[in-house]
1. Is segment 616-636 home to any residue that is β-branched (Val, Ile, Thr), in a loop (DSSP other than H, G, I, E, B) and in contact with a Phe, Trp or Tyr (Cβ under 9 Å, 6 or more places away or on another chain)?
2. Could you figure out which of (1) outside any strand (DSSP E or B); (2) over 28 Å from residue 255 (Cα atoms) isn't true of residue 190?
3. Of the numbered conditions (1) in contact with a Phe, Trp or Tyr (Cβ under 9 Å, 6 or more places away or on another chain); (2) hydrophobic (A, V, I, L, M, F, W, C); (3) without any contact (Cβ under 8 Å) to a residue 40 or more places away in the chain; (4) closer than 28 Å to residue 268 by Cβ, residue 434 satisfies every one except a single condition; which is it?
4. With respect to residue 415, is the statement that it is surrounded by 13 or more Cβ atoms within 10 Å (Cβ to Cβ), part of a loop (DSSP other than H, G, I, E, B), of a type in the set (S, T, N, Q) and touching a residue at least 40 places away in the same chain (Cβ under 8 Å) true?
5. Condition first: surrounded by fewer than 17 Cβ atoms within 10 Å (Cβ to Cβ) and not in a loop (DSSP other than H, G, I, E, B). Now tell me which residues in segment 313-327 satisfy that.
6. Inside segment 59-114, can you point out the residues that are among the hydrophobic types (A, V, I, L, M, F, W, C), surrounded by 17 or more Cβ atoms within 10 Å (Cβ to Cβ) and not in a helix (DSSP H, G or I)?
7. Being of a type in the set (Gly, Ala, Ser) and within 24 Å of the chain's Cα centre (by Cα) narrows it down to one of 443, 378, so name that one.
8. If you take the residues in segment 501-518 that are at pLDDT below 95, over 13 Å from residue 535 (Cα atoms) and out of contact with any Ser or Thr (no Cβ under 6 Å at 6 or more places or on another chain), which one is surrounded by the fewest Cβ atoms within 10 Å (Cβ to Cβ)?
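The values are calculated or read from the model by the stated rules, or taken from the named source; none is laboratory data. Since this is a predicted model, take the numbers as computed values, not measurements. In this analysis, Cβ positions are derived from the backbone assuming ideal geometry, glycine residues included, and neighbour counts consider all displayed protein chains.
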Amino acid sequence: MKKSLVSIAFVIVWMFSFSQTATPPAAGDGTSGNPLQIATLENLYWLSQNSIFWASGTCYIQTADIDASATSSWFGGEGFPPIGEDDYSGINSFKGVYNGNGHVISDLTINRDTDGVALFGSITGTAVISDLGLINVFIDVTPNESHYDAGALVGWNLGGTITNCYSTGTVNGDEFCGGLIGSNDDGGMVSGCYSLCNVSGYTTIGGLIGWQSGTVVNSSASGNVSGDNSVGGFMGYLSSGLINACFSTGEVSANMWAGGFADAIDGHVTNCYSMSNVVRNTGNADTSYAAFIEYVGNNVHVEYCYSTGSVVYSDSVNPINKGFISTVGSNVIFTSNFFDYSVSGQITGTGATPKISSQLKIKTTFISAGWDFMAETANGINDYWGINPDHNSGYPFLKWQGYKLKPEVTAWPVSPTLECGQTLSDAVLSGGSASVSGNFVFADSGYAPPFGSSSYYDLWFIPDDSVNYEWLGDSVIVAVEDTVSPSVTCAGDQVLNLNQGETFYDVSGTAFDPLVYDNCGVDSVSNSFNHSASLNGAHLPTDTNTIVWTVTDMAGNTDSCVQVITVNIFDGIVSPEQSGIRAFPNPVKETLEVDMHGLLFTEIGLFDIGGRRIGTFYSEMIDMSAYPSGCYYLKITGEKGIFVVEVVKQ
């Protein structure tokens with residue numbers, strides 16, 4: 001009895017430790033204008049548990065990145081329960097709109113032996129899933145047990161729309177298994193999606209999609225793909241519909257029936273490429289392999305595609321006739337397809353022309369064959385393709401990959417010379433030419449290189465057609481010279497009166513120094529009196545001092561000016577300005593006050609304009625009220641000499 005109670009207690013603790021909480025969204029009403037907001041793993045789990053909210057027209061938006069690592073221990077290791085049931089009726093599928101809003105769900109685990117193993121087990125016609133990333137997903141289904149539709153994002157897409165979604169991690173499925181989508185059925189639309197997942201399964205396995213009867217455009221798969229049979233780097237089997245502007249690069253391995261891009265197609269493939277290598281596993285004898293597509297059915301178009309991958313038989317001699325397609329039905333149209341026989345190890349391949357690598361890395365090979373390239377209109381205006389030696393290993397890329405064409409600069413501009421003080425934007429760039437119109441511009445156009453330098457500076461060629469062409473960079477030498485002379489402006493001629501007892505004028509400060517300027521920087525300033533850059537501290541004698549100022553710049557250019565400073569010896573009369581004496585108010589009506597500025601005086605004489613003394617005062621306060629209006633002079637005799645002040649009587 002005691003043992004039983006312990007066992008029951010353990011089970012209860014185990015159940016609670018792995019319990020999940022379904023939390024409804026905290027905001028939104030499910031309309032397109034106010035979608036329900038999925039912000040947490042609990043919100044996402046709530047959605048999986050409430051099928052009434054899977055209805056057509058119900059809208060969701062993810063408002064944060066979601067950490068789903070806890071799902072690895074949910075339900076005894078089965079992980080997250082998918083949203084939407086894959087019962088092949090579509091009745092219990094997700095039919096709403098889920099906008100990932102650029103967010104991700106990381107470390108999601110789903111480990112279930114059933115159909116429709118993915119975040120969304122199944123979606124149908126009105127469903128739209130967009131802008132969602134699944135990072136480090138782990139999807140696991142036991143193979144060879146007839147379980148269908150496994151993928152990171154959607155198990156079975158029955159006519160829905162999936163745009164701008166991606167996945168990384170691992171997907172292990174059974175039948176109809178893809179890195180992002182298990183089956184894209186009934187005209188389902190997939191665009192702008194990619195998967196980096198490593199994918200494995202039993203049959204009909206693809207890097208992005210396992211099985212399709214719909215449309216996929218502008219998408220890619222780069223994970224490794226393996227399975228028993230019907231394995232493709234991008235798609236396992238295209239039942240019907242279209243694949244346009246897509247590619248694969250992951251390694252492909254199978255026991256039988258495998259292609260670098262797809263195993264088999266009964267729909268159209270246009271403007272696609274594969275760099276996937278294909279490996280036949282050890283112990284097998286099947287020969288249904290190809291670098292691009294293993295089998296092409298009746299009435300199918302394969303146009304403007306190329307492959308570079310190899311085909312290797314692990315325990316046998318490698319084939320040499322699998323360079324593109326292995327088996328072909330009737331009424332198949334092949335248009336301007338190529339494969340690289342110099343790296344693939346294949347000499348021939350049905351449906352494509354063999355070329356060496358260098359031929360597949362020049363645009364003329366493709367444009368002359370009718371491929372619709374960027375920056376040309378003769379072959380169409382969709383601009384599916386571009387080529388650039390710096391991208392995609394030099395092979396053509398699809399425009400949506402974001403690469404641009406590389407213009408050819410046939411000549412970079414000759415090295416310019418700048419006048420000192422000019423910026424790089426002032427440089428005259430001549431002699432440059434390119435294959436397309438554009439401009440040569442210095443990267444740091446506002447920089448002014450120093451005089452005497454001769455250095456390399458980064459230069460860009462910026463094409464006028466910046467939509468299709470990238471910028472090209474190089475560097476050129478820029479020399480800096482100085483042909484402009486400096487300028488010097490003297491402070492002006494000066495007349496200086498010495499005080500009583502002074503024999504020279506003592507210069508203090510820089511008031512007598514000239515203004516100098518040079519576009520590149522002054523090297524030296526000198527004067528003919530004390531041969532220095534300033535008169536500060538100079539002792540100017542009583543005389544007419546003619547001083548020549550000379551300025552020299554960094555390049556040795558010079559300029560000069562002449563300044564005359566006359567120093568007068570004390571003549572017994574000192575100007576009030578020299579002494580600081582003042583009389584106020586001036587003009588005056590009644591009382592005039594004389595401010596002696598601390599100097600002692602013996603008398604103040606008042607003189608009219610004719611020079612006649614009309615009054616003598618011994619005080620600093622002078623009554624002027626009795627004098628008629630006019631001009632008068634005060635002659636102040638003091639300890640420092642005689643001072644004359646002009647006064648106006650009102």
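1. Initially, segment 616-636 is screened for residues β-branched (Val, Ile, Thr), giving 616, 622, 636.
After this cut, where a residue has to be in a loop (DSSP other than H, G, I, E, B) as well, the list is none.
No, segment 616-636 contains no residue that is β-branched (Val, Ile, Thr), in a loop (DSSP other than H, G, I, E, B) and in contact with a Phe, Trp or Tyr (Cβ under 9 Å, 6 or more places away or on another chain).
2. Only one criterion in (1) outside any strand (DSSP E or B); (2) over 28 Å from residue 255 (Cα atoms) is unmet by residue 190, namely (1).
3. Only one criterion is unmet by residue 434, namely (4).
4. Values: surrounded by 13 or more Cβ atoms within 10 Å (Cβ to Cβ): yes; part of a loop (DSSP other than H, G, I, E, B): yes; of a type in the set (S, T, N, Q): yes; touching a residue at least 40 places away in the same chain (Cβ under 8 Å): yes.
Here the answer is yes, as residue 415 does meet what is asked.
5. As a first pass, look at segment 313-327 and keep what is surrounded by fewer than 17 Cβ atoms within 10 Å (Cβ to Cβ): 314-318, 320-321, 327.
If the condition is that a residue be surrounded by fewer than 17 Cβ atoms within 10 Å (Cβ to Cβ) and not in a loop (DSSP other than H, G, I, E, B), then 327 is the only one that fits.
6. 59, 61, 66, 68, 80, 83, 94, 97, 104, 105, 108, 110
7. Values: 378 fails: within 24 Å of the chain's Cα centre (by Cα).
After ruling out the rest, the residue left standing is 443.
8. Among those residues, the one meeting the criterion is 501.
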